[in-house]
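J.: Take a look at the following structure, please.
The values are calculated or read from the model by the stated rules, or taken from the named source; none is laboratory data. Since the model is a prediction, treat every value here as computed from it, not as a measurement. Cβ coordinates were reconstructed from backbone atoms using ideal geometry, including for glycine residues, and neighbour counts include every protein chain displayed.
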There are 2 protein chains.
Amino acid sequence: MNFETILGKVDFLEFLRGKKATFLLSASVTKTCEIPNISQAGIPGFLHLTPILDAEFLCTKQVRSMPQIAQTPKGVPTPALITRAVHELNAFSNIEILNLGLETLPQISHFKIHDFNMKPSGRIDDGARIQALEIFQKAIEFGQSYKTNDDYVILAESIPAGTTTANATALALGYECEGYFSSSYKNNPSDIKNETIVNALKRVESKNDLFEKLGFLSDNMIIFNAGFILGSRANNLKVILAGGTQMAAVLLVVNSILRSMDGQIDSSNLALCTTKWINKDENSNIKALLEQLDFPINAYASDFDFSESSHPALKLYDEGEAKEGVGCGGALCYGAINGLTKEQVTKKVESFLV
Amino acid sequence: MNFETILGKVDFLEFLRGKKATFLLSASVTKTCEIPNISQAGIPGFLHLTPILDAEFLCTKQVRSMPQIAQTPKGVPTPALITRAVHELNAFSNIEILNLGLETLPQISHFKIHDFNMKPSGRIDDGARIQALEIFQKAIEFGQSYKTNDDYVILAESIPAGTTTANATALALGYECEGYFSSSYKNNPSDIKNETIVNALKRVESKNDLFEKLGFLSDNMIIFNAGFILGSRANNLKVILAGGTQMAAVLLVVNSILRSMDGQIDSSNLALCTTKWINKDENSNIKALLEQLDFPINAYASDFDFSESSHPALKLYDEGEAKEGVGCGGALCYGAINGLTKEQVTKKVESFLV
C-alpha cells in the first residue's frame, strides 16, 4: 500500500512512518439523519446507533448495542471494518472515543470515553439549535489539555448525515461548494440533500455571527473538531484528520474562525488523510475545498481499493457506494506508513464478512 | 492468530492491543520435581535446571547452563521456544526474571534478575517447609513497589512439577479439583502425582491456618505470585497471568487469602491467558477452576496450534504431550493482539529446531 499527496509535501506523513498513534473517534449524531433517505450510513430507523456500533466494533470486533453490524440499504458494510482491519494488523497504541452527543453510550469497558455533556445536534432543516460557542469552548479546552503518550493523533468521525451538515456549513460560511461535497450514496440523493440544505440556509441572516450560523446548520462533530484543532496548537500536537469532505469542512470552519479574529495558525503539524474513493470521486472535489483555506495544508489519500477482493459487498466501495468514515482513509494511510499490504488488509476485511 | 474468551469479556485484552508489555518470568524450583517420573518438564536428573535454561533461552536464544535445550523424555521441546518465537517476531519491551528459589543463576547479563533470597521449596510429600508468610510478604512489597514503563505486565512461570503442587494447593484450600488439573504429560501419571498429593495432604490438619497449609504443600511460585497480584492492586497494574492451571491455582490462593481476611479485590485489570492445548484439554478444566473464584476474572486462550507444522516434535503439542509453560499461552495472546500470524510463529519455532 502507498499514499498519494493531494496537497503539500510528503514530508509530514513520511515523518510519522513507524511512529505510534492514538486513534480518537468523534462519535456524534445530528438529527438531520432522521430525514428519510438522506444518508445510507447505517440501518434505516436506527441511524442514530451507527456511531455507537462503529465504536463498539472498532474497539472489540463486536456489535453490542444492536444485533447486526451497520450496513447501508444496499448492503455496503461500514468502513469501520477497514479501520478495524488495520488495527488488527498493526494496532493503534490507543483508541479513545469522544462522545459528541450520543443517545446511549457504547457498551465497552477499559476504553476511555470522553464525555462532554452534549446532546445530539438538531435537524438543520428545523434550526439545529446547537450551542455552538459552548461546544467550541469545550473543544478548545480539551485540545489545549489533551495529552498522549503517542507521537500523533488520528482524529476520525462517525456521524450519519454528516456530509449534508458539512455542505451546509461550508455554504453558510461563504465557501465555493458546487459539486465539491461527497455523499455516502453513489447516486447522490441530491434532491433531498439540497432541499435540506436550502431550507437550512434560509434561517441564516447576514447579521448572524459565525457561531450563530454554525448553531443553525452545522453539527457537533464539525464544531468540536475545529475547536480541538485550534486548542491543540498550544501543544503543537501532530494531528491527522482522518476523513473526507466532512473533515475538509472542519478545516474550513477553522479558517473562518481565524479570519473572524484575524488569527493565524501553524498548520505544519496537521494533515488530512482520506481514501482513494474520495480522492478519485467524480461527484466531489476535496482538493477544491482545501484550496480555499488561507493556510497551507498537507492532504494525502491512500491508494487502497478492493480490486483484490471478489466479495460483492466490498466491490460496492470501488463502485462508489461508500467512500469514507470511521477514519478509514487515515487508518489506511497509517497502514501504508507501517508496512501493511493491500493483500493483508483485503483478507482481514474479508474475514469479518464470512 | 486470534484468541478465545474463556470467561469475562474481550474488552480487557482488546484494550491492550498494540500496547507495550514487560514479560516477567517467575523461575522457581520445587524439590517435588525430584520424585521420579512426576514431571516431564526437562531432562531427567536435571529438572532443577529447567527454569534456568528457560530463562537463558528466552532472553538470549542460547542455553548456557547445560549443553542442550530442555526436552521431555519423549522429545517435546520446552514451550520457551514458543515464547521466544513471539519475542523475536514482536518483541516484549522488557524481560525480567524473578528468582524464586533457583539453585544457580541464569547466565545472562543486562537482563534484570530480581533476587528475593529464597531457597527451592521442598518436596511436598516430605513437608515442603516453605516460609509461606515470609514469601507472601516479600511479594506484597514487590507488587506494591513494582514500576514499569510499559502498559502492562505478562507474568509467567517455569517450575517443574508445578502442576502437582498447584493441585495439592487447591485441594488443601478446599476447592473442587477432581479432573481439573493439567499435566505436562499426555498420559497424566496420575498414580505418582496422586500418591504425592495424598501424602502431602496427610500433613495438613484442620487447625492449620492458610499460610501453614501453603507452607506444607504449595510452592514458591504460587505463593509469591499470589502476593504479587494482591500487592500490585495498589497501583492498579495491568497484569496478564500467563499460564494454565498453575496460574489458576495462584488465583485460588488469592481468593482464599481474601476470604480469610474478608477482603475484596478489583480484578478488572487482571486476566489469565493460556493456550489452546489447555483450553481444549480433556484431562483438565481450567474454566471450572476459575469459576470457583469469588471475584470476576477475564480469561482468554490463544487459538494457536501446530497444525501448520510437520515437525514431529512440535506435533506432540497438538497430541497433548505439552500444553503450557514459560508463559507461552500469554505470549501467543500477546502475538494475536499484535498482528502475528500462525504461519509466522510456526516458522519461527521450527527455525529453532533445525
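J.: Just to be sure, is residue B:73 modelled with pLDDT under 95 and either touching an Asp or Glu at 6+ places or on another chain (Cβ under 7 Å) or within 30 Å of residue B:347 (Cβ to Cβ) (or both)? Steps first, please.
T.: On the way: modelled with pLDDT under 95: yes; either touching an Asp or Glu at 6+ places or on another chain (Cβ under 7 Å) or within 30 Å of residue B:347 (Cβ to Cβ) (or both): yes.
So residue B:73 fits the description; yes.
J.: Please go through (1) part of a loop (DSSP other than H, G, I, E, B); (2) closer than 22 Å to residue B:37 by Cα for residue B:117 and return the number of the only condition it doesn't satisfy.
T.: (2)
J.: Here is a follow-up. For segment B:284-304, enumerate the residues that are of a type in the set (A, V, I, L, M, F, W, C) and either over 17 Å from the mean Cα position of the chain (by Cα) or under 20 Å from residue B:263 (Cβ atoms) (or both). Steps first, answer last, please.
T.: To start, the set of residues in segment B:284-304 that are of a type in the set (A, V, I, L, M, F, W, C) comprises B:286, B:288-290, B:293, B:295, B:297, B:299, B:301, B:304.
Matches in segment B:284-304: B:288, B:290, B:293, B:295, B:297, B:304.
J.: Let me ask something else. Please verify whether residue A:157 is more than 14 Å from every other protein chain (Cβ to nearest Cβ), at pLDDT 95 or above and surrounded by fewer than 19 Cβ atoms within 10 Å (Cβ to Cβ), treating the condition exactly as stated. Full working, then the answer.
T.: Details: more than 14 Å from every other protein chain (Cβ to nearest Cβ): yes; at pLDDT 95 or above: yes; surrounded by fewer than 19 Cβ atoms within 10 Å (Cβ to Cβ): no.
Here the answer is no, as residue A:157 does not meet what is asked.
J.: Follow-up. Identify all residues within segment A:293-309 that are in contact with a helix residue (DSSP H, G or I) (Cβ under 9 Å, 6 or more places away or on another chain) and over 14 Å from residue A:247 (Cα atoms); write none if there are none. Please lay out each step first, then the result.
T.: Pass one, segment A:293-309, residues in contact with a helix residue (DSSP H, G or I) (Cβ under 9 Å, 6 or more places away or on another chain): A:293-295, A:297-309.
Within segment A:293-309, A:294, A:295, A:302, A:303, A:304, A:305, A:306, A:307, A:308, A:309 meet the criteria.
J.: Residue A:267 - would you say it is small (Gly, Ala, Ser), under 19 Å from residue A:3 (Cβ atoms) and more than 17 Å from the chain's Cα centre (by Cα)? Can you show your working first?
T.: On the way: small (Gly, Ala, Ser): yes; under 19 Å from residue A:3 (Cβ atoms): yes; more than 17 Å from the chain's Cα centre (by Cα): yes.
Against the criterion (small (Gly, Ala, Ser), under 19 Å from residue A:3 (Cβ atoms) and more than 17 Å from the chain's Cα centre (by Cα)), residue A:267 qualifies.
J.: Still on this model: Please count how many residues of segment A:298-323 are buried (at least 24 other Cβ atoms within 10 Å of the Cβ) and of a type in the set (S, T, N, Q).
T.: 1
J.: Could you please find all residues in segment A:186-212 being touching a helix residue (DSSP H, G or I) at 6+ places or on another chain (Cβ under 7 Å) and touching a residue at least 60 places away in the same chain (Cβ under 8 Å)?
T.: Hits for segment A:186-212 are A:193, A:196, A:197, A:199, A:200, A:203, A:211.
J.: Let me ask something additional. Would you mind telling me which numbered condition in (1) crowded, with 19+ Cβ neighbours inside 10 Å; (2) more than 14 Å from every other protein chain (Cβ to nearest Cβ); (3) assigned to a strand (DSSP E or B) residue A:140 fails?
T.: The failed condition is (3).
J.: I would also like to ask the following. Just to be sure I understand, how many residues within segment A:108-131 are in contact with a Leu (Cβ under 6 Å, 6 or more places away or on another chain) and within 14 Å of chain B (Cβ to nearest Cβ)?
T.: The qualifying residues number 0.
J.: Hydrophobic (A, V, I, L, M, F, W, C), without any contact (Cβ under 8 Å) to a residue 40 or more places away in the chain and buried (at least 17 other Cβ atoms within 10 Å of the Cβ): does that describe residue A:171?
T.: Values: hydrophobic (A, V, I, L, M, F, W, C): yes; without any contact (Cβ under 8 Å) to a residue 40 or more places away in the chain: yes; buried (at least 17 other Cβ atoms within 10 Å of the Cβ): yes.
Criteria met by residue A:171.
J.: What is the residue count in segment A:209-228 for residues that are surrounded by fewer than 24 Cβ atoms within 10 Å (Cβ to Cβ) and aliphatic (A, V, I, L, M)?
T.: Here the count works out to 1.
J.: Sticking with this one: Can you confirm whether residue B:326 is touching a helix residue (DSSP H, G or I) at 6+ places or on another chain (Cβ under 8 Å) and either under 27 Å from residue B:56 (Cβ atoms) or surrounded by 16 or more Cβ atoms within 10 Å (Cβ to Cβ) (or both)? Reasoning before the result, please.
T.: Values: touching a helix residue (DSSP H, G or I) at 6+ places or on another chain (Cβ under 8 Å): yes; either under 27 Å from residue B:56 (Cβ atoms) or surrounded by 16 or more Cβ atoms within 10 Å (Cβ to Cβ) (or both): yes.
Yes: the conditions hold for residue B:326.
J.: Oh, and also: Just to be sure I understand, how many residues within segment B:283-316 are within 25 Å of residue B:166 (Cα to Cα) and without any contact (Cβ under 8 Å) to a residue 24 or more places away in the chain?
T.: Matching residues across segment B:283-316 total 0.
J.: On to the next question. Suppose we filter B:206, B:182, B:268 for residues that are surrounded by 24 or more Cβ atoms within 10 Å (Cβ to Cβ) and part of a loop (DSSP other than H, G, I, E, B); which single one remains?
T.: Working: B:206 fails: surrounded by 24 or more Cβ atoms within 10 Å (Cβ to Cβ); B:268 fails: surrounded by 24 or more Cβ atoms within 10 Å (Cβ to Cβ).
After ruling out the rest, the residue left standing is B:182.
J.: When you scan segment B:143-176, how many residues do you find that are under 23 Å from residue B:330 (Cα atoms) and in a loop (DSSP other than H, G, I, E, B)?
T.: Count: 9.
J.: Restricting attention to segment B:14-26, does a residue exist that is of a type in the set (Phe, Trp, Tyr) and surrounded by fewer than 20 Cβ atoms within 10 Å (Cβ to Cβ)?
T.: Here is the first cut: in segment B:14-26, the residues of a type in the set (Phe, Trp, Tyr) are B:15, B:23.
In the following step, the residues that additionally are surrounded by fewer than 20 Cβ atoms within 10 Å (Cβ to Cβ) were identified as none.
No.
J.: Here's a follow-up. With respect to residue B:130, is the statement that it is part of a loop (DSSP other than H, G, I, E, B), surrounded by 15 or more Cβ atoms within 10 Å (Cβ to Cβ) and modelled with pLDDT of 95 or more true?
T.: On the way: part of a loop (DSSP other than H, G, I, E, B): yes; surrounded by 15 or more Cβ atoms within 10 Å (Cβ to Cβ): yes; modelled with pLDDT of 95 or more: yes.
Criteria met by residue B:130.
J.: Do we find a residue being surrounded by fewer than 19 Cβ atoms within 10 Å (Cβ to Cβ) and more than 27 Å from residue B:270 (Cβ to Cβ) anywhere in segment A:47-65?
T.: no
J.: Something else about it: Please note which helices (runs of 4 or more DSSP H) are completely contained in segment B:1-92 and include at least 1 residues that are within 14 Å of chain A (Cβ to nearest Cβ) and without any contact (Cβ under 8 Å) to a residue 40 or more places away in the chain.
T.: Working: elements: B:11-15, B:50-60, B:80-89.
By residue number, B:11-15.
J.: Now a separate question. Looking only at helices (runs of 4 or more DSSP H) that fall completely inside segment B:282-354, which ones have 1 or more residues that are of a type in the set (Asp, Glu)?
T.: Hits in segment B:282-354: B:312-318, B:342-353.
J.: Would you check which residues across segment B:319-349 are over 27 Å from residue B:238 (Cα atoms), away from every other protein chain (no Cβ under 14 Å) and at pLDDT 95 or above and list them?
T.: B:346, B:347, B:348, B:349 - these are the residues of segment B:319-349 that are over 27 Å from residue B:238 (Cα atoms), away from every other protein chain (no Cβ under 14 Å) and at pLDDT 95 or above.
J.: Filter segment A:93-105 down to residues that are crowded, with 21+ Cβ neighbours inside 10 Å and within 14 Å of chain B (Cβ to nearest Cβ) and give me whichever is farthest from residue A:46 (Cα to Cα).
T.: Narrowing segment A:93-105 to residues crowded, with 21+ Cβ neighbours inside 10 Å: A:94-95, A:97-102.
Adding the requirement that they be within 14 Å of chain B (Cβ to nearest Cβ) leaves A:94-95, A:97.
On the way: A:94: 28, A:95: 24, A:97: 20 Å.
In this case the residue turns out to be A:94.
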